[in-house]
1. Against the condition of a type outside the set (Asp, Glu), over 23 Å from ASN100 (Cβ atoms) and open to solvent by 60 Å² or more (accessible area, probe 1.4 Å), how does LEU117 come out, does it pass?
2. Filter the range 70-96 down to residues that are over 14 Å from ASN162 (Cα atoms), out of contact with any helix residue (DSSP H, G or I) (no Cβ under 7 Å at 6 or more places or on another chain) and not hydrophobic (A, V, I, L, M, F, W, C) and give me whichever is surrounded by the fewest Cβ atoms within 10 Å (Cβ to Cβ).
3. In the range 30-57, which residues are among the hydrophobic types (A, V, I, L, M, F, W, C) and modelled with pLDDT of 80 or more?
4. Any residue in the range 29-52 that's closer than 20 Å to LYS164 by Cβ: show its pairings with residues that are basic (Lys, Arg) at Cβ separation under 6 Å, as long as the two are six or more apart or on different chains.
5. Regarding the range 148-163, can at least one residue be identified that is open to solvent by less than 40 Å² (accessible area, probe 1.4 Å), modelled with pLDDT of 95 or more and within 30 Å of ARG34 (Cα to Cα)?
6. Please specify each residue of the range 36-49 satisfying the condition of being of a type in the set (Ser, Thr, Tyr) and surrounded by 12 or more Cβ atoms within 10 Å (Cβ to Cβ).
7. With respect to the numbered conditions (1) closer than 23 Å to ASN97 by Cβ; (2) in contact with a Ser or Thr (Cβ under 8 Å, 6 or more places away or on another chain); (3) part of a strand (DSSP E or B), which one is the sole condition not fulfilled by ASP145?
Amino acid sequence: MKKNILFLCSIVLSTLTSCSTTENCTKTIVIPSRTIITPTGSSYIPESQSVVPCDYVVTPIQEQTPLQNFTYEVLNFNFTPDTGNNTNRLKFDIKLNNPNNFIIKGFAFITVNTDGLESSSGFTNGAISTCNEINPNSSCIFSFDKQASLNLGVIQSIQLVNVKYYLTN
């Protein structure tokens, strides 16, 4: 009986030690939430988890940050709640300044307050000029002019909150 137990133990031990410790090894990683900003708007991607092999190398996700050395001047910002033609109209010109010694390529991301609700967008639909490229130590005027039907809803006011500039790769 003692020999059978020893034999059984040796089989179990050899089975346990013959398996590679990395074979079929998995781990759970957490992918943090993030916001992706594009000229046409932003998308929020919630936190998620994924099961990956143990040797999977996690590369950090770098958060998109706006250009730090950037200024803007509001040349005009006008919202007309009712044009008399069953439309409202938003028209603005904003001077985007690149004080850097290098060309910047990207997009303006404009935050507005519409009747107490803040939202951000690239305002490309209705833009006359978008300033996707600004030369070193120079400026570009972002111009926007669009009318919208009052059938979609009546807006009382739109106010500019801020402007950021994001670089594209």
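The values are calculated or read from the model by the stated rules, or taken from the named source; none is laboratory data. Only a predicted model underlies this, so the values are computations on that prediction, with no experimental measurement involved. So basically every Cβ, Gly included, is an ideal-geometry build from the backbone, and we count neighbours across all protein chains shown. What goes into the accessible areas is simple: the full protein's heavy atoms, side chains included, and nothing from ligands, DNA or RNA. Shrake-Rupley method; radii C 1.70, N 1.55, O 1.52, S 1.80 Å.
1. yes
2. GLY84
3. Selection gives VAL30, ILE31, ILE45, VAL51, VAL52, CYS54, VAL57.
4. Filtered contacts from the range 29-52: ILE45/ARG34.
5. Looking through the range 148-163, at least one residue is open to solvent by less than 40 Å² (accessible area, probe 1.4 Å), modelled with pLDDT of 95 or more and within 30 Å of ARG34 (Cα to Cα).
6. Listed by number, the residues that qualify are THR38, THR40, SER42.
7. Here ASP145 meets the rest and fails (2).
Let's see how each residue does on (1) in a strand (DSSP E or B); (2) of a type outside the set (D, E, K, R):
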residue	(1), (2)
GLU63	no, no
PRO66	no, yes
ASN69	no, yes
PHE123	no, yes
ILE128	yes, yes
CYS131	no, yes
